[in-house]
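Colleague: What follows is a single structure, and I will ask about it in a moment.
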Amino acid sequence: MKKISIIVPTYNECENIVDLTRLLLALPLQAQVIIVDDNSPDGTGRLADDMSATDKRVQVIHRPGKLGLGTAYVAGFKQALAAGADLILTMDADFSHHPQYIPAIVALAETNHVTIGSRYVPGGGVEHWAWYRRFLSWGANQVARMMLGLKANDCTAGFRCYHRDVLLSINLDAIFSNGYSFLLEMAYKCQKRGCSFGETPIIFANRARGTSKISQAEIFKAMYTVLRLTVSRLRFWRAGPAPIAPIHQPTE
């Protein structure tokens, strides 16, 4: 069985982190949970430490403040790789990404470098979103796919699984984007390496507890990231890095 690390960035998620971690550890997988907490004022980090003290499958990275989603992922990636994880999965802490979908995401990783819990494939969708948020999310994906040539239907999704070799092939410290635009840049870099993508449908549920971290500034950052990577694509696409090795097909 493959060794899996599940990275959960947190900031003020005391209402969710204990229940989420328990569900993750109950999955029929060889998984560890890496909680990356940005010094949450509500005590999320202390709750994570309490779980870590009683279960070695829970690891906690404490950071001095709210440093951004992208750098939280990178910190988690590095710890997962150092621990020897074969697959590294990322997800939100607010139950918008439900643990019930993780086995399907992991199963799809048998034949793909990067797998996504996707809102925009048949069977996927969102719950409890206003029409303008639905339109904004769908539009952002369409613009990113058109301008960057991305093949994934849900290229802004944070519910992803990466093979170890994928992350080792990318200079994580050189990724410019932070916040949610980090997800776009990672999708772009993975595709540029020739990674194969698989998507499995999920229903993205709006958080029931706590407050959303997405701001208007994040939307503008994502727009800037698309423009910046489009320039990079036009200038560099023809001479991209060596492709990553294909995924070996499972044997009977």
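The values are calculated or read from the model by the stated rules, or taken from the named source; none is laboratory data. Note that this is a predicted model, so its numbers are computed, not measured. All Cβ positions, glycine included, derive from the backbone under ideal geometry; neighbour counts span all protein chains shown.
Colleague: Can we say A75 is aliphatic (A, V, I, L, M) and part of a helix (DSSP H, G or I)?
Modeller: Here the answer is yes, as A75 does meet what is asked.
Colleague: Of all residues in the stretch 115-151 being of a type in the set (K, R) and either under 19 Å from the mean Cα position of the chain (by Cα) or buried (at least 21 other Cβ atoms within 10 Å of the Cβ) (or both), which is modelled with the highest pLDDT?
Modeller: R119
Colleague: Spot the failing condition for G45; the list is (1) surrounded by fewer than 19 Cβ atoms within 10 Å (Cβ to Cβ); (2) part of a helix (DSSP H, G or I); (3) free of Cβ contacts under 8 Å to residues at least 40 places away in the same chain; (4) of a type outside the set (A, V, I, L, M, F, W, C), and only one is missed.
Modeller: For G45, the failing item is (1).
Colleague: Here's another thing I want to ask about it. What number of residues in the stretch 66-94 are on the phi > 0 side of the Ramachandran plot and modelled with pLDDT under 95?
Modeller: Initially, the stretch 66-94 is screened for residues on the phi > 0 side of the Ramachandran plot, giving 68, 84.
From what's left, modelled with pLDDT under 95: 68.
Residues meeting the conditions: 1.
Colleague: Looking at the stretch 61-71, can you tell me whether even one residue there is of a type in the set (S, T, Y), surrounded by 15 or more Cβ atoms within 10 Å (Cβ to Cβ) and in a helix (DSSP H, G or I)?
Modeller: yes
Colleague: Separate question: Which of (1) free of Cβ contacts under 8 Å to residues at least 24 places away in the same chain; (2) outside any helix (DSSP H, G or I) does S52 not meet, given it meets every other one?
Modeller: Single failed check for S52: (2).
Colleague: Here is a follow-up. Of all helices (runs of 4 or more DSSP H) completely enclosed by the stretch 99-215, which ones contain at least 2 residues that are free of Cβ contacts under 8 Å to residues at least 12 places away in the same chain?
Modeller: Output list reads 131-148.
Colleague: Something else: Between a residue in the stretch 77-88 that is under 9 Å from H163 (Cα atoms) and in contact (Cβ under 8 Å) with a residue 12 or more places away in the chain and any residue that is of a type in the set (A, V, I, L, M, F, W, C) and not in a helix (DSSP H, G or I), which pairs come within a Cβ distance under 6 Å, given they are 6 or more apart or on different chains?
Modeller: Final answer for the pair search is L87/I4; L87/A109; L87/C161.
Colleague: From A85, A107, A93, A72, grab the single residue that is under 15 Å from the mean Cα position of the chain (by Cα) and over 21 Å from A205 (Cβ atoms).
Modeller: So the residue among A85, A107, A93, A72 that is under 15 Å from the mean Cα position of the chain (by Cα) and over 21 Å from A205 (Cβ atoms) is A72.
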